[in-house]
Amino acid sequence: MIKEQIQQLSKGIFNDVVANRRHLHSHPELSFQEYETSAFIGRKLDELGLTYQKMADNGLVALIKGEKPSDKVIALRADMDALPITEVNEVAYKSQNIGVMHACGHDAHTSSLLGTAKILTALKSQFGGTVKLIFQPAEEKLPGGASLMIKEGVLENPKPQAVIGQHVMPLIDAGKVGFRAGKYMASTDEIYVTVYGKGGHGAQPQQNIDPVIITAHILTALQTIISRSADPKSPSVLSFGKVIANGATNVIPNEVYLEGTFRTMDEKWRSEAHVKMKKMAEGIAESMGGSCDFNIVRGYPFLINEEKLTASVRGFAEDYLGKENVLDLDIWMAAEDFAYYSQVADSCFYRLGTRNESRRITSSVHTPTFDIDEDAFKISTGLMAYMAIKQLGN
Ligand SMILES: [Zn+2]
Ligand SMILES: [Zn+2]
């Protein structure tokens, strides 16, 4: 009974997984700088007798081959980078790198996947197929470690039929997981705009070209692209969080600077919207006597969970955890670079519950008070091992 064996093994490694997570949590490193983290993972893979290949600088890829005959391959992915946030939690494992914090749970993903590796290694004689472990750097920063690892061939030799990733979710109680088949997370593009006018005395608008008024029109008009041009059946979001018009009560500035984000779930529409937004902003600025530089930096694509794969691994999760512990997820308009895998391979990205209200562990990811209920590790390692073994057809 593979399930019982996995559950037993997962109990045995629990303290180890917690210790690894606490080590990583207290030594967080920013995207593209995960040198110590990468070395730590390498040492842990060495301890398991697993050889690995380095990719995208700090990424590691290892294979665990089941001893029964099978050509099937499945990839399991964990990310490893932290964020530029100063931790305020007073915990024994508080970040020792001031200004850097594992506030997105990537410490939990990495320690969980190391635990899964340990379980799978112990069970090698009992399954057929190959599990490819992907420890990925730089999820939090463009162009994203996933895109770099794919370019370097992480999904070749051997080519996985499926890629599975898990991510902590402080909205779900520890002990539970969440799935969503189909489109799940948004593409994200950064928008940088400078609107140019001609500044001067606020009392003499007739002599100036007011970039503040031009900006007001641009901001309002751009929202019609969401309300009038976007397909209402497919979500789109346009938000500008930075608007700097640094004049004064009586000074009209020369220019206004804006930053915003555009998110959607359709690659064709995404590109069309870029063209429309630029044209509209430039047209408005010009019609009012000014001009505008409208730049879009393309970020991650949207994330899609392949329907059949997701139904299948969700079923395995129900087997492993009981139906009551497997929840449905709603669309989430944040972005995640796992999306790159999902654009080229059948993929499933699911959520690991880490909330515990009684322990006051409720803070959102990317906040200085974020933490996880480590009881989540009671299921995170074994569940992934079980899903992988079952999905390989054992
Ligand atoms: Zn994050
Ligand atoms: Zn994350």
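The values are calculated or read from the model by the stated rules, or taken from the named source; none is laboratory data. Keep in mind that what you see is a predicted model, and the values were worked out from it rather than measured. Quick reminder, even Gly has a Cβ in these numbers, built from the backbone with ideal geometry, and neighbours come from all protein chains shown. For accessibility, only protein heavy atoms count, side chains too; no ligands or nucleic acids. Shrake-Rupley method; radii C 1.70, N 1.55, O 1.52, S 1.80 Å.
General observations
- Residue within the range 99-115 that is part of a strand (DSSP E or B), modelled with pLDDT of 95 or more and either within 20 Å of the chain's Cα centre (by Cα) or away from ligand 2 (no atom under 16 Å from the Cβ) (or both) present: yes
- In the range 75-95, the residues that are without any contact (Cβ under 8 Å) to a residue 60 or more places away in the chain form Cβ pairs under 7 Å with partners that are open to solvent by 10 Å² or more (accessible area, probe 1.4 Å) and not β-branched (Val, Ile, Thr), at six or more places apart or across chains, as follows: Ala82/Glu29; Ala82/Leu30; Pro84/Leu30; Pro84/Gly99.
- Ala138 falls short on exactly one of the conditions (1) within 16 Å of ligand 1 (Cβ to nearest atom); (2) open to solvent by 10 Å² or more (accessible area, probe 1.4 Å); (3) touching a Gly at 6+ places or on another chain (Cβ under 6 Å), and that condition is (2).
- Pairing residues of the range 44-62 that are outside any helix (DSSP H, G or I) with residues that are open to solvent by 10 Å² or more (accessible area, probe 1.4 Å) and of a type in the set (Asp, Glu), at Cβ distances under 9 Å and at least 6 apart in sequence or on separate chains, gives Tyr52/Asp46; Met55/Glu152; Ala56/Glu152; Asn58/Glu29; Gly59/Glu152.
- Among the residues of the range 199-228, those identified as closer than 17 Å to Lys276 by Cα and either touching a strand residue (DSSP E or B) at 6+ places or on another chain (Cβ under 8 Å) or open to solvent by 50 Å² or more (accessible area, probe 1.4 Å) (or both) are Thr215, His217, Ile218, Leu219, Thr220, Leu222, Gln223, Thr224, Ile225, Ile226, Ser227, Arg228.
- Any chance Ala56 is at pLDDT 95 or above, open to solvent by less than 60 Å² (accessible area, probe 1.4 Å), within 19 Å of Ile119 (Cβ to Cβ) and not aromatic (Phe, Trp, Tyr): no
- In the range 362-378, the residues that are within 13 Å of ligand 2 (Cβ to nearest atom) reach residues that are among the polar types (S, T, N, Q) and outside any loop (DSSP other than H, G, I, E, B) with C-beta atoms within less than 6 angstrom, at least six apart or across chains, in these pairs: Ile372/Thr354.
- Of Lys159, Lys183, Lys176, Lys198, all but one fail to be basic (Lys, Arg) and in contact with a helix residue (DSSP H, G or I) (Cβ under 6 Å, 6 or more places away or on another chain); the exception is Lys176.
- Unique residue being exposed (fewer than 14 other Cβ atoms within 10 Å of the Cβ), more than 24 Å from Pro158 (Cα to Cα) and at pLDDT 95 or above when the list is Val91, Val17: Val91
- Residue match in the range 246-261 (condition: buried (at least 17 other Cβ atoms within 10 Å of the Cβ), within 15 Å of Glu190 (Cβ to Cβ), in contact with a helix residue (DSSP H, G or I) (Cβ under 6 Å, 6 or more places away or on another chain) and in contact (Cβ under 8 Å) with a residue 12 or more places away in the chain): no
- Of the candidates Val195, Val168, the single residue that is touching a Ser or Thr at 6+ places or on another chain (Cβ under 6 Å), open to solvent by less than 50 Å² (accessible area, probe 1.4 Å), at pLDDT 95 or above and closer than 30 Å to Ala376 by Cα is Val168.
- Complete set of residues in the range 63-86 that are more than 16 Å from ligand 2 (Cβ to nearest atom) and part of a loop (DSSP other than H, G, I, E, B): Gly66, Glu67, Thr86
- For Asp231, the criteria (1) open to solvent by 50 Å² or more (accessible area, probe 1.4 Å); (2) in contact with a Pro (Cβ under 7 Å, 6 or more places away or on another chain) hold in every case but one, which is (2).
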